[in-house]
1. With F87, F52 as the choices, which residue is open to solvent by 40 Å² or more (accessible area, probe 1.4 Å) and under 28 Å from N146 (Cα atoms)?
2. Which of the helices (runs of 4 or more DSSP H) contained wholly in the stretch 1-85 include at least 3 residues that are farther than 30 Å from F156 by Cβ?
3. From (1) open to solvent by less than 70 Å² (accessible area, probe 1.4 Å); (2) of a type outside the set (D, E, K, R); (3) closer than 17 Å to F100 by Cα, pick out the condition that doesn't hold for G166.
4. Taking only the stretch 126-157 into account, find how many residues are in contact with a Pro (Cβ under 9 Å, 6 or more places away or on another chain) and either among the acidic types (D, E) or in a helix (DSSP H, G or I) (or both).
5. Quick one: which of L112, L74 is surrounded by fewer than 19 Cβ atoms within 10 Å (Cβ to Cβ), at pLDDT 85 or above, within 26 Å of M145 (Cβ to Cβ) and touching an Asp or Glu at 6+ places or on another chain (Cβ under 7 Å)?
Amino acid sequence: MNETSKRGIDWGSLILGILFVLTALLSFQDPAGNLIAIVMVFAIFAILKGVFEIFARNRMKELTGYKAYAPIILGVIDIIIGVYFLFNLNIGVAALPFIFAIWFILDSVFGLFALDLAKSVSTGYFWFTLVVDVLGIILGIMLLMNPLSSALTLSFLVGFYFMLFGITHIVYAFR
């Protein structure tokens with residue numbers, strides 16, 4: 001008997017995978033209702049991202065001596081947006097498509113201003129960052145043009161992510 005057959009089923013991964021798949025199916029059923037949950041998650045991640053931006057900027061300054069101000073500005077904006085939407089969920093649902101569009105555009109524009117730092121890391125990283133930032137600007141503009149469709153699309157994207165994550169856990173449970 002080999003070691004693979006002795007392992008059995010990883011019940012924790014199986015249960016977690018099933019829960020993720022069920023959550024995905026629920027989000028596909030009610031995309032508009034799912035937007036409140038997305039606003040809450042968005043608000044929490046915006047706060048965390050803002051804190052990370054500030055700490056990453058300080059760490060970058062310690063390591064390279066490069067004083068970038070864009071991460072501080074972006075970090076403070078992220079924290080303010082996150083706190084505001086955490087305590088104003090209905091406004092968050094109405095503003096979510098616009099916020100995502102503006103967030104994509106601002107992040108990408110600030111990323112373009114930091115390309116000199118990316119170039120100092122490597123040429124490949126420079127080109128990757130440039131392409132991602134340009135795509136972010138294009139996506140942001142597209143989201144601004146059709147806010148209702150982008151709001152409902154966000155709900156489906158979250159559901160799709162949960163579905164993939166759930167399937168991955170279920171497959172892992174039987175490895």
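1. Details: F52 fails: under 28 Å from N146 (Cα atoms).
Result of the check over F87, F52: F87.
2. Details: elements: 3-7, 11-29, 31-64.
Because the criterion is at least 3 residues that are farther than 30 Å from F156 by Cβ, the helices (runs of 4 or more DSSP H) in the stretch 1-85 that meet it are 3-7, 31-64.
3. It fails just one condition, (3).
4. The first filter runs over the stretch 126-157 and keeps only residues in contact with a Pro (Cβ under 9 Å, 6 or more places away or on another chain), leaving 143-144, 146-156.
Right, trim to either among the acidic types (D, E) or in a helix (DSSP H, G or I) (or both) and you get 143-144, 147-156.
Count: 12.
5. Working: L74 fails: surrounded by fewer than 19 Cβ atoms within 10 Å (Cβ to Cβ).
The unique qualifying residue is L112.
The values are calculated or read from the model by the stated rules, or taken from the named source; none is laboratory data. For clarity, every value in this text was computed on a predicted model and none was experimentally measured. When we count neighbours, we look across all protein chains shown, and the Cβ atoms used for this are built from the backbone with ideal geometry, even at glycine. When the accessible area is computed, the model is the full protein with side chains, heavy atoms only, and any ligands, DNA or RNA have been set aside. Shrake-Rupley method; radii C 1.70, N 1.55, O 1.52, S 1.80 Å.
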